[in-house]
Amino acid sequence: MLTNLPNLLTLVRIFLVPLLVAALVQQNFGIRWNGKLFVANDVLALILFLAAALTDLLDGYLARRWKQVTTVGTLLDPVADKLLISAALISLVEIRLLPGWLVILIISREFAVSGLRSIAAAEGYTVKAGELGKTKMMLQVVGVAMIMISIRVPALRLYALSVMWLVVISGLASAVDYFRKFWRKVDTSIKLRRRHELIELERQKRRLLRAERKEQIRASVSQDASSIGRRG
């Protein structure tokens, strides 16, 4: 896995998450040079977030281009994305730049979709991200970056919140799309499988009944034969 650059980029994105949180919530978490503040914590947080978002674009592109799509990468990539976005949003709530209820809506949507995709994977189906889901991810990156920039440019705050509202709307719309795909593929498959299982159980019951009847007939014939033998 270490020789697989896309997987390595995914791991880098995961390791950047605690640094991002520290840079956002700790005022003294910056880069100093010769005792002077060289990069402030909010600027460092923005750099870390954009670098992590860039790895998200690169790992998928490189995995497809170099044909290095692996099970580990497929499992880790969505986890890394959700860790990055959730950590950034919760940290922004902590420093009072975003309302908590809005972040709860966004993160709850992520958990719901992840649950649906896990159930689908257990049934052997892959529910791929649609255009709405990709648009939502792009809006999340833009919105979070704008919120961070608004720390130094307060006039940008209103526009940043507008983008976050678009994140909520596109996220809920894409969740409906995921549920529709899930219901069409997985729920129908589960119903068909259960129907086949019930049919197979019914067949087994019939076979058992036939076997019991044959055994009863054999026992009855054997008793009749032995009774005739005693009479003879």
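Give the residues of region 193-213 that are within 35 Å of the chain's Cα centre (by Cα) and not charged (D, E, K, R), sorted by residue number.
196, 198, 199
May I ask you to verify whether residue 102 is in a helix (DSSP H, G or I) and farther than 16 Å from residue 170 by Cβ?
No, not satisfied.
Going by the structure shown, is residue 103 in the same structural domain as residue 168 (by TED's automatic domain parsing), surrounded by 13 or more Cβ atoms within 10 Å (Cβ to Cβ) and not aromatic (Phe, Trp, Tyr)? Walk me through how you get there before you give the answer.
Working: in the same structural domain as residue 168 (by TED's automatic domain parsing): yes; surrounded by 13 or more Cβ atoms within 10 Å (Cβ to Cβ): yes; not aromatic (Phe, Trp, Tyr): yes.
Judged against the criteria, residue 103 is a match.
Pairs under 7 Å by beta carbon, first residue in contact (Cβ under 8 Å) with a residue 60 or more places away in the chain and of a type outside the set (Asp, Glu) in region 33-54, partner outside any helix (DSSP H, G or I) and crowded, with 18+ Cβ neighbours inside 10 Å, six or more apart or different chains?
Nothing qualifies.
Quickly run through region 67-89 and pick out the residues that are touching a residue at least 40 places away in the same chain (Cβ under 8 Å), surrounded by 15 or more Cβ atoms within 10 Å (Cβ to Cβ) and either in a helix (DSSP H, G or I) or in contact with an Asp or Glu (Cβ under 7 Å, 6 or more places away or on another chain) (or both).
73, 76, 77, 80, 81, 83, 84, 85, 87, 88, 89
Out of all the residues in region 154-195, which are more than 25 Å from residue 113 (Cβ to Cβ) and either touching a Ser or Thr at 6+ places or on another chain (Cβ under 8 Å) or assigned by TED's automatic domain parsing to the domain that holds residue 89 (or both)?
156, 157
Matching residues to (1) at pLDDT below 95; (2) surrounded by 13 or more Cβ atoms within 10 Å (Cβ to Cβ); (3) in contact with a helix residue (DSSP H, G or I) (Cβ under 6 Å, 6 or more places away or on another chain); (4) of a type in the set (D, E, K, R):
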{"residue": "117", "(1), (2), (3), (4)": "yes, yes, no, yes"}
{"residue": "120", "(1), (2), (3), (4)": "yes, yes, yes, no"}
{"residue": "125", "(1), (2), (3), (4)": "yes, yes, yes, no"}
{"residue": "135", "(1), (2), (3), (4)": "yes, yes, yes, no"}
{"residue": "158", "(1), (2), (3), (4)": "yes, no, no, no"}
{"residue": "168", "(1), (2), (3), (4)": "yes, yes, yes, no"}
{"residue": "172", "(1), (2), (3), (4)": "yes, yes, no, no"}
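Somewhere in region 48-62, is a residue exposed (fewer than 14 other Cβ atoms within 10 Å of the Cβ), in the same structural domain as residue 171 (by TED's automatic domain parsing), within 19 Å of the chain's Cα centre (by Cα) and aliphatic (A, V, I, L, M)?
no
The values are calculated or read from the model by the stated rules, or taken from the named source; none is laboratory data. In this text, all values refer to a predicted model and were calculated from it rather than measured experimentally. When we count neighbours, we look across all protein chains shown, and the Cβ atoms used for this are built from the backbone with ideal geometry, even at glycine.
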